[in-house]
Structures are given as structure tokens and as C-alpha cells.
Amino acid sequence: DLPPIDAPDQTAAELDAEIAAAIKKVKPSVDDQVIRLVVRDISRGVAKDLNHEAIRAIKARAVNFHLDLRRPPTPERAAGLATPGGKPLTLPETVKDFLSRRPLDADLDREEFVRVGVEYVEKAGAGTREEGIS
């Protein structure tokens with residue numbers, strides 16, 4: 001095991017350099033070694049942008065190289081609650097909260113996406129009230 005790397009605010013290029021530096025410190029060299037390097041708090045986007053060609057080159061030299069990429073911990077939160085122990089959210093508030101955090105394609109307008117989603121839920125709720133369904 002190599003010393004772990006904490007990467008909460010690093011770019012892919014910075015992390016590539018740090019991984020390369022950690023590998024260079026291995027004595028004897030990585031050739032014919034079994035190595036694990038843990039990288040903590042790495043976002044999915046940064047992990048995707050790493051130099052995978054360089055990582056494959058390290059894997060080719062070592063008997064086994066395991067780059068253990070660990071995502072940031074998700075905050076503990078009960079569904080439908082504004083805060084832990086807080087007032088329960090209404091369905092439109094829950095949908096708004098969920099859609100505000102949901103990953104989107106870059107070309108989508110988040111505000112419009114959230115507004116339309118909440119509008120649909122409110123319309124559906126109004127329809128069930130009008131029909132007498134609870």
C-alpha cells in the first residue's frame with residue numbers, strides 16, 4: 001500500500017502528477033510489484049479525466065496495480081426532510097430539492113428543468129385533488 005492521496009479540490013492534471021510522484025517513490029521500482037494506491041474524495045468527473053493511458057502503463061509494469069478511487073462521502077440525509085430532524089417537505093419541495101442536485105447535461109438549463117418538474121408535480125397533485133383521490 002502506498003500512502004493515500006486526498007483529492008477533494010484537485011484537477012485531473014494535478015492528480016496525475018501526484019500519482020506519478022507516488023509511483024516514482026516506490027523502492028524497488030513498480031516492476032513486478034503488487035501495489036495499491038488509494039485516492040480519497042475524488043469526484044466522478046475528475047476520475048474520468050485522469051490520464052488512463054499512463055495508469056495502464058503502470059499496470060503493465062506491475063504484477064498488480066490497483067488504483068482505488070473513492071468518491072466523497074454522501075451527506076446523511078433522510079428523504080423528504082428539509083434537514084435532519086426538520087420539518088417534512090411537501091412533494092413539490094422534495095422534487096425541487098432532488099432536481100436541483102441531479103446531474104444534468106451541460107446544455108440543459110437547470111432553473112427551467114427544476115421549474116418544469118415542479119410544475120408537472122403540482123399539476124398532477126391538483127388533478128388528483130379535483131377527482132377526489134387522496
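The values are calculated or read from the model by the stated rules, or taken from the named source; none is laboratory data. All values reported here derive from a predicted model rather than from experimental measurement. Because the Cβ atoms are built from the backbone with ideal geometry, glycine has one as well, and the counts that use them run over all protein chains shown.
Figures for the structure shown
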| quantity | calculated |
| --- | --- |
| Answer residue from segment 64-92, given it is modelled with pLDDT of 90 or more and outside any loop (DSSP other than H, G, I, E, B) and is farthest from ARG36 (Cα to Cα) among those | LEU69 |
| Complete set of residues in segment 19-37 that are at pLDDT 90 or above and buried (at least 16 other Cβ atoms within 10 Å of the Cβ) | ILE19, ALA22, ILE23, ILE35, LEU37 |
| Output for segment 1-23, where each listed residue is assigned to a helix (DSSP H, G or I) and charged (D, E, K, R) | GLU14, ASP16, GLU18 |
| LEU37 vs. criteria within 17 Å of ARG71 (Cα to Cα), in contact with a Phe, Trp or Tyr (Cβ under 9 Å, 6 or more places away or on another chain) and in contact (Cβ under 8 Å) with a residue 24 or more places away in the chain | yes |
| Condition met for VAL95 (at pLDDT 90 or above and among the hydrophobic types (A, V, I, L, M, F, W, C)) | no |
| Residues that are of a type in the set (S, T, N, Q) and modelled with pLDDT of 65 or more, drawn from segment 98-134 | SER100 |
| Cross-chain or 6+ apart pairs with Cβ under 9 Å, segment 100-111 first and within 19 Å of SER43 (Cβ to Cβ) and part of a loop (DSSP other than H, G, I, E, B), then among the aromatic types (Phe, Trp, Tyr) and at pLDDT 85 or above | ARG102/PHE113; LEU104/PHE113 |
| Condition check for ARG61: surrounded by 10 or more Cβ atoms within 10 Å (Cβ to Cβ), within 24 Å of the chain's Cα centre (by Cα) and at pLDDT 85 or above | no |
| Matching residues, segment 1-18, being charged (D, E, K, R) and exposed (fewer than 12 other Cβ atoms within 10 Å of the Cβ) | ASP1, ASP9 |
